[in-house]
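Trainee: I have a structure I would like to understand better, so I am pasting it below and will then ask my questions one at a time.
The values are calculated or read from the model by the stated rules, or taken from the named source; none is laboratory data. Keep in mind the model is a prediction, meaning the values are calculated, not measured. Cβ coordinates were reconstructed from backbone atoms using ideal geometry, including for glycine residues, and neighbour counts include every protein chain displayed.
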Amino acid sequence: MSSAGVFISIMAALAVGAMSPGPSFVIVSRIAISRSRLDGLAAALGMGAGGVVFAALALAGLTALLSQFEWLYVLLKVAGGAYLIFIAVNIWRGAAQPLEVSDAGDNQRAPMRSFTTALLTQLSNPKTIIVYASLFAALLPRTVPLDLMVALPLGVFAVEAGWYSIVALAFSARHPRRLYLASKSWIDRAAGTVMGGLGLRLILSGLSAR
């Protein structure tokens, strides 16, 4: 298969994975709907940056290291799950607090905070590195051409940031935000429950693998 064929195959598989519901979707949609469109797009860029990190680690062979040192993989799962639970608790605690959303972007630090939150959420799931590594191992040739080495991280960023930009634009629209403000406490509690459940499942899967 040509380099272009390999690249398209990997990007198509990653696009399907990015579109599947998970903690990344929850955090980007909530940021977009509760803060601003700019914050949502900043979060989308954070997801893209996290994808680039995973792609680079997969190309560097981190999966082989994790398979050799199982305790390291367990540690990453537990730490990632704990971070998701931390986010869930913060969402739940703020559910009853009133919120004013605005596109004005009065707080200049808010987009950077949204970017960081999304980046850490993306990196909190070590299973994603396994997905990336599995795809790369299955589809890449034994000797990876330089053009693919350069194109893959850029393509990963485009897929991850592109999909979550669509999510951010959709959820920052006027009608979804109006619905959010009308039912903020219930939506936040639901989002916190989902995020906490995902974190707990990540921790339990890590501990059961010991």
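Trainee: Which one of Gly80, Gly50, Gly40 is modelled with pLDDT under 80 and either in a helix (DSSP H, G or I) or of a type in the set (Phe, Trp, Tyr) (or both)? Quick ask: steps written out before the conclusion?
Mentor: Numbers: Gly50 fails: modelled with pLDDT under 80; Gly40 fails: modelled with pLDDT under 80.
Result of the check over Gly80, Gly50, Gly40: Gly80.
Results for (1) among the polar types (S, T, N, Q); (2) surrounded by fewer than 19 Cβ atoms within 10 Å (Cβ to Cβ); (3) out of contact with any Pro (no Cβ under 8 Å at 6 or more places or on another chain), shown as yes or no for each residue.
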residue: Thr143; (1), (2), (3): yes, yes, yes
residue: Ala151; (1), (2), (3): no, yes, yes
residue: Ala158; (1), (2), (3): no, yes, yes
residue: Tyr164; (1), (2), (3): no, no, yes
residue: Leu169; (1), (2), (3): no, yes, yes
residue: Ala182; (1), (2), (3): no, yes, yes
residue: Thr193; (1), (2), (3): yes, yes, yes
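Trainee: Take Trp163 and tell me if it is over 25 Å from Ala56 (Cα atoms), assigned to a helix (DSSP H, G or I) and either small (Gly, Ala, Ser) or modelled with pLDDT of 75 or more (or both).
Mentor: Here the answer is no, as Trp163 does not meet what is asked.
Trainee: Report yes if some residue within the stretch 129-139 is in contact (Cβ under 8 Å) with a residue 24 or more places away in the chain and over 27 Å from Ala79 (Cα atoms); otherwise report no.
Mentor: yes
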